[in-house]
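Worksheet: the structure to be examined is printed underneath.
The values are calculated or read from the model by the stated rules, or taken from the named source; none is laboratory data. If you're wondering where the values come from, they're calculated on a predicted model, not measured in any experiment. Reconstructed Cβ throughout: ideal geometry from the backbone, glycine too, with neighbour counts over all protein chains shown. The area values use the complete protein model at the heavy-atom level, side chains included, leaving out ligands, DNA and RNA. Shrake-Rupley method; radii C 1.70, N 1.55, O 1.52, S 1.80 Å.
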Amino acid sequence: LTDLYQKSLLKAASPSSIPTGYLANSTINDHVGLIRGDITRLRLDAIVNAANSSLLGGGGVDGAIHRAAGTQLVKECATLGGCPTGEARITHGYDLPAKRVIHTVGPKYFYDEGPESLLRRCYQNSLELAVREGVRTIAFSAISTGVYGYPSLDAAEVACETVRRFLDGDDGDKLVRVVFVTYEQKDVDAYNALLPKYFPSE
Ligand code: AR6
């Protein structure tokens, strides 16, 4: 996997938008990929935002997504009436290369009760919503691993396990591509350690 990360890093540093070919470089198997870089540059059916329950924007990946999508995104979000922790909502992508944004609200690790089941619900609800809305290619940010303090390895385990189970289930064939997007080294390390276990190359 190390080569893949190095390629990802080089591409992530380039100012142009990430072409589809970028994703090919991150193939773990036919369905699952890993990249390190800015999720706002991915041209997919949907990207998953690590939002807060107001859905009105914030820092981290949420801030980056809102900046790149333009102000129409916050206007649509304002019509949704917020989102409880563990649930997911979908909007258009506006100025993003991605067609849609799925907003999910991760648990605050040191504050919310039962953070693991809440984080699992974030992934599960995002995947179910995606399939209901006809999304076939999707990228996840590493939900809760920033400001919300969820340990990266534990969070990556929940992410990998939930996606793996979904792809093995009845609706699994409705998704053709799931990409995990990492940004900081600690999350790169976490996925590096876990992906071969959950998604062995075919
Ligand atoms: N592309 C991909 N990943 C990113 C990017 C980016 N452009 N920027 C940061 N990350 P965080 P949370 C990674 O803090 O922990 C917001 O203010 C980052 O390295 O964005 O769920 C919301 O409004 C980390 O791995 O989200 C909420 O109030 C991951 O994205 C709160 O933060 C998530 O970190 C949510 O906290």
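For the range 89-131, give me the residue count where each residue is part of a strand (DSSP E or B), in contact with an Asp or Glu (Cβ under 8 Å, 6 or more places away or on another chain), more than 16 Å from Gly146 (Cα to Cα) and open to solvent by less than 60 Å² (accessible area, probe 1.4 Å).
Looking only at that region, the number is 3.
One residue is enough: does the range 126-146 have a residue meeting the conditions over 24 Å from Gly93 (Cβ atoms), in contact with a strand residue (DSSP E or B) (Cβ under 9 Å, 6 or more places away or on another chain) and of a type outside the set (Val, Ile, Thr)?
no
Tell me the residue from Ala46, Ala51, Ala69 that is buried (at least 24 other Cβ atoms within 10 Å of the Cβ), away from the ligand (no atom under 13 Å from the Cβ) and hydrophobic (A, V, I, L, M, F, W, C), please.
On inspection, the qualifying residue turns out to be Ala46.
Name every residue in the range 132-162 that is more than 16 Å from the ligand (Cβ to nearest atom) and either under 21 Å from Pro200 (Cβ atoms) or open to solvent by less than 40 Å² (accessible area, probe 1.4 Å) (or both), in order of residue number.
If the condition is that a residue be more than 16 Å from the ligand (Cβ to nearest atom) and either under 21 Å from Pro200 (Cβ atoms) or open to solvent by less than 40 Å² (accessible area, probe 1.4 Å) (or both), then Val135, Thr137, Glu161 are the ones that fit.
If the requirement is being in a loop (DSSP other than H, G, I, E, B) and crowded, with 21+ Cβ neighbours inside 10 Å, which of these qualifies: Gly58, Gly33, Gly81, Gly86?
So the residue among Gly58, Gly33, Gly81, Gly86 that is in a loop (DSSP other than H, G, I, E, B) and crowded, with 21+ Cβ neighbours inside 10 Å is Gly86.
Look at the range 148-171 and say how many of its residues are part of a helix (DSSP H, G or I), without any contact (Cβ under 8 Å) to a residue 60 or more places away in the chain and of a type outside the set (Phe, Trp, Tyr).
Qualifying residue count, the range 148-171: 14.
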